[in-house]
Amino acid sequence: MKRLLVIGGARSGKSRYAEERLEALPGRLGYIATAQAHDAEMAARIDLHRGRRGERWETCEAPCDLAEAIARMAGRCDALLVDCLTLWLSNLMLGAHSLVEGREGLIEAVAACPVPIALIGNEVGLGIVPDNALARQFRDEAGLLNQAVAKVVEEVVMVAAGLPLSFKSV
Amino acid sequence: MKRLLVIGGARSGKSRYAEERLEALPGRLGYIATAQAHDAEMAARIDLHRGRRGERWETCEAPCDLAEAIARMAGRCDALLVDCLTLWLSNLMLGAHSLVEGREGLIEAVAACPVPIALIGNEVGLGIVPDNALARQFRDEAGLLNQAVAKVVEEVVMVAAGLPLSFKSV
Amino acid sequence: MKRLLVIGGARSGKSRYAEERLEALPGRLGYIATAQAHDAEMAARIDLHRGRRGERWETCEAPCDLAEAIARMAGRCDALLVDCLTLWLSNLMLGAHSLVEGREGLIEAVAACPVPIALIGNEVGLGIVPDNALARQFRDEAGLLNQAVAKVVEEVVMVAAGLPLSFKSV
């Protein structure tokens, strides 16, 4: 495994699939969490994921500075997991950060990453067009982000019902 | 065909695909409907599906007691179709039934089913995160349910635009 | 390439993929746009797509009379792109046109089209069931339309993260 993008819907088993792919690799594993525990619902979801991972994992939180976190963790770990791109995008938008700069910085960091890296991205564009403009912008940006990342990785996998399906394998 | 999970979006052709798979088998076919005709819209949808099926089908309604219905119908039919898991989940949640018990009972019934069985599950997790907490819980539970069923079946197929794509084939 | 249906979510890269498929063909290319620039957001989206296409493309707008536009443009171009079916459906519904007649007319036009034709359709049925009845009807009709078109084309491709996956190839 070199660079892997895992896409899929909510509760499709994306995180578990990516974790298993990384746990098949030797050495120290880095988990880069973009989630922030703003409320009890999100805190519970973070704890659920954290509890599933074992001793080999080192966790760092990177709600916005994702490129920096990837570069830093790549110096400490033998493989990285970014979970997830969609929450990171949401953090950028809520914090009024530049999406173009953020995306370009991320793509450079992924392309330059010296260790295997898996990135998780939600598919949010397969429902009815949302009523509000911010939600429409978000799903547009999420789709563009998945496309941009898909270009610089060797492997893209869609997960549904816990099962992987290959969209790209170089 | 032994055990088959058919996933896909609304009006993707899931039911028709599953019906055709069952109609390729010999003998008496059992249709286990989880839908309840609460309003005219749902009644029309049920009639549409029922009208498409022929004389070989025996129908039973199981809005909540799905495991029991599978066991009972398996004694009367040569193959079963459960349509669909997502409405059943919705019935459990609206009726304040235990989701964990319901899911475990279903998985046991599917694993123990002595005749071929096809189950239909909606994919509801590929749109924008819903505004209300109940909808978020529902799509989480629907995703977990599809994952759990996918583990105990030999075959998982995604249907889009009426066309099947294999995600699992043992 | 003969007849191609491209399905996928918002910003999945459907249009770009279809354009690239057509640009691999020789001759004059016809772009049949179903979008109408009702507001600035939609106008910006139309301009973005139009700017990407080159000199070989001739554009025509067909918000409702799609079958007529296909027949007419087929006499002037060597290959056609319809972008997209889902907006066209939305235009029919908003204009209170007959959906059955519209669909039947479209299917006949696609089946009779003497030059290669690609049609783009959004997948809108993979999110939570919408609250309002019109949105539910829309996603039902969009799903039925994709199914109907899928039947009369030789090739169906799903695009996600800019990557194609074949669902049908005759």
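Loop exposure criterion: GluC sites (Glu not before Pro), DSSP state outside H, G, I, E and B, at most 16 other Cβ atoms within 10 Å. Applied to chain B, the longest stretch between such sites is B:56-153.
With only Cα atoms counted, the protein assembly as shown has Rg and Dmax values of 23.3, 67 Å. Of B:V82, B:V115, B:V129, which has the largest mean-square fluctuation in a 10 Å C-alpha GNM of chain B? Per the Cα network of chain B with a 10 Å cutoff, B:V129 tops the list.
Looking at chain A alone, DSSP beta bridges between its own residues are antiparallel in about 20 percent of cases. Largest GNM mean-square fluctuation across C:S12, C:S98, C:S90, computed for chain C with C-alpha springs under 10 Å, falls on C:S98.
Projecting 7 Å from Cα along the Cα-to-Cβ direction, the label point of A:R16 sits 3.3, 3.3 nm from its equivalents in the other copies, listed shortest first. In nm², what is the average projected area of the convex hull enclosing the Cα atoms of region B:83-170? Seen from a random direction, the Cα hull of region B:83-170 projects 6.5 nm² on average. Once you sort the root eigenvalues of the Cα gyration tensor of chain C as a ≥ b ≥ c, which label holds: rounded (a/c under 1.5), prolate (a/b larger than b/c) or oblate (the other case)? It comes out rounded by the Cα gyration axes.
Mind checking which of A:P26, A:H49, A:Q36 is farthest towards the positive end of region A:3-169's charge dipole, using Cβ charges of +1 (Lys, Arg) and -1 (Asp, Glu) about the Cα centre? Farthest along the dipole direction, towards plus: A:P26.
Seen against the Cα atoms of chain C and their longest principal axis, helix C:40-52 is set at about 20 degrees.
Among DSSP beta bridges whose residues both lie in the protein assembly as shown, state the antiparallel percentage, nearest 5. Working shown, then result.
Details: 18 of 93 bridges.
Antiparallel: roughly 20 percent of the beta bridges in the protein assembly as shown.
Using alpha carbon centroids, what distance separates region A:78-98 and region C:1-73, in Å? Centre-to-centre (Cα) distance: 32 Å. Counting only alpha carbon atoms, the long axis of helix B:14-23 and the longest principal axis of chain B meet at about 20°. Copy-to-copy label distances for B:S98, where each label lies 7 Å from Cα along Cα-to-Cβ, are 5.6, 5.6 nm in order of increasing length. By the helix-only formula, in which each DSSP H run with n ≥ 4 contributes -39500 (n - 2.57) and the sum is divided by residues, chain A has a 222 nm mean residue ellipticity of -14000 deg cm²/dmol.
The charge dipole of region A:1-144, taken about its Cα centre with unit charges on the Cβ atoms of Lys, Arg (+1), Asp and Glu (-1) only, comes to about 460 debye.
So which of A:K168/B:K151; B:K151/C:K14; B:K14/C:K2; A:K151/C:K168 end up more than 29 Å apart by C-alpha?
On the way: A:K168/B:K151 24 Å; B:K151/C:K14 32 Å; B:K14/C:K2 27 Å; A:K151/C:K168 24 Å.
B:K151/C:K14, as the Cα separations exceed 29 Å there.
With contacts taken as Cα pairs under 8 Å and at least 6 residues apart, region C:1-159 reaches a relative contact order of 38 percent. Taking the Cα centre of the protein assembly as shown as origin and assigning +1 to Lys and Arg Cβ atoms and -1 to Asp and Glu Cβ atoms, the resulting dipole is close to 1080 debye. Between region B:123-169 and region C:135-151, what is the separation of their alpha carbon centroids in Å? Value for the Cα centre distance between the two parts: 19 Å.
Coordinate-derived values only; no laboratory data. It should be emphasised that the depicted structure is a prediction, and the values quoted were computed from it without experimental measurement. Cβ coordinates were reconstructed from backbone atoms using ideal geometry, including for glycine residues, and neighbour counts include every protein chain displayed.
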